[in-house]
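The values are calculated or read from the model by the stated rules, or taken from the named source; none is laboratory data. Keep in mind it's a predicted model, so treat the numbers as computed, not measured. Counting neighbours? That spans all protein chains shown, and the Cβs are built from the backbone with ideal geometry, glycine included.
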Amino acid sequence: MPPLPTNRAILLIQTAFIGDVILATALLERLHETEPDTPVDVLVRRGNEGLLQGHPHVRRVLVWDKKKEKYQGLWRLLGEIRAARYERVYNLQRFASTGLLTAFSGAKERVGFDKNPLSWAFTHRVPHGFAPGLHEVSRNLSLLEPGIAGPLTRPRLYPSPADEAAAAQVVQSSGDAPYICIAPTSVWFTKQFPQEQWLKLLAALPPHYTVFLLGGPPDVAACEELRQAANRHNVQNLAGKLSLLASAALMRGAVLNYVNDSAPQHLASSVDAPTCAVFCSTVPYFGFGPLSSFARVVELREELSCKPCGLHGYAKCPLGHFYCAHGIETRQLLAVLAEAEQLVSA
């Protein structure tokens, strides 16, 4: 099949989860720095398009509904992508489905990782590997230019005025008190700091702080259970009540944000919000640590032969003790808050 005539536009493909899309925005920042006049479209899975709503560096967001029309939607997208005549397609994933969209996009340049099953049809195959200390953002940026020099480009999201207003309303309704955000949940059990550990922190936090619990609609029940069990009056459950971008705006104004190794960590990085990331079964050298100017990682002080037990976490501790989480001390978390308070008062 002869290649289609192209235009100057670029397509970025990232149809994985929320955190993956947030990290992919570093490429939007780098492309805007190097090619400010080149139109860029982004393909995401349904549910994540709100992250890029109003993004100043995105021309159009394409959406793939993987749940309702996985294969039918894939073929529809392929036709849409070919009709758009992109000059370049960058595929940030290693799955055959997005490999198909890239390989048969008709784009002059088709770039992706060599571990994609269809990478044989790409014009540029970039080695993919997990190296200690190599952040996922750097790995993704290598698609644009191997060995990009200079400081790491931080992912960035752009809350709208409506998002900012929603966050401001939450703060005003709590009496404009200084506040801390906690995103207590994770898709993976072994990535999630246990409820009893969060309760210890809530009991130890200085009483003048309002605490906002953040999460999406699936996290409402867990956050409400935590709120009710907490021994303090000024804890609000905001799970499911704010958009992702409004949550990001709220996190930016917090004295500190306590998060797991999960999407809220990257949400905080995207607006340079002060972050304390709790790593249970996983470790930062996998390449998914926080990137805010003030970012600290808290994990078990002692080494465990079983940690890390996997890249993504498990539904339960493989050995049954989950000591990588239960062994973390509350004073470790409070020490990060003390640092953040010094930063605020400086």
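Computed quantities for the displayed model
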read-out	value
Unmet requirement for Tyr285, which otherwise passes all of (1) more than 18 Å from Ile180 (Cα to Cα); (2) surrounded by fewer than 23 Cβ atoms within 10 Å (Cβ to Cβ); (3) touching a Cys at 6+ places or on another chain (Cβ under 6 Å)	(3)
Top-ranked residue of segment 173-192 - restricted to ones that are among the polar types (S, T, N, Q) and buried (at least 21 other Cβ atoms within 10 Å of the Cβ), ranked as farthest from Leu250 (Cα to Cα)	Thr190
Candidate set: segment 280-291, residues that are over 11 Å from the mean Cα position of the chain (by Cα) and without any contact (Cβ under 8 Å) to a residue 60 or more places away in the chain; chosen: the one farthest from Ala340 (Cα to Cα)	Val283
Residue satisfying condition, being touching a helix residue (DSSP H, G or I) at 6+ places or on another chain (Cβ under 7 Å) and touching a residue at least 40 places away in the same chain (Cβ under 8 Å), within set Ala24, Ala16	Ala24
Residue, modelled with the lowest pLDDT, within segment 199-232, restricted to residues that are farther than 24 Å from Ala166 by Cα and part of a loop (DSSP other than H, G, I, E, B)	Asn231
Test: residue in segment 316-329 that is in the same structural domain as Leu199 (by TED's automatic domain parsing) and on the phi > 0 side of the Ramachandran plot	yes
Members of segment 210-246 that are of a type outside the set (A, V, I, L, M), touching a helix residue (DSSP H, G or I) at 6+ places or on another chain (Cβ under 9 Å) and under 29 Å from Arg156 (Cα atoms)	Thr210, Phe212, Gly215, Gly216, Gln236, Asn237, Gly240, Lys241, Ser243
Residue satisfying all of: in segment 230-278; of a type in the set (Val, Ile, Thr) and crowded, with 24+ Cβ neighbours inside 10 Å; nearest to Ala340 (Cα to Cα) among these	Thr275
Condition met for Val336 (touching a residue at least 40 places away in the same chain (Cβ under 8 Å) and either surrounded by fewer than 16 Cβ atoms within 10 Å (Cβ to Cβ) or in a loop (DSSP other than H, G, I, E, B) (or both))	no
Members of segment 196-220 found to be within 22 Å of the chain's Cα centre (by Cα) and not acidic (Asp, Glu), listed by number	Trp198, Val211, Phe212, Leu213, Leu214, Gly215, Gly216, Pro217, Pro218, Val220
Every pair of residues 6+ apart whose Cβ atoms lie under 8 Å, when the first sits in segment 248-265 and is under 22 Å from Glu299 (Cα atoms) and charged (D, E, K, R) while the second is in a strand (DSSP E or B) and modelled with pLDDT of 95 or more	Asp261/Ala277; Asp261/Val278
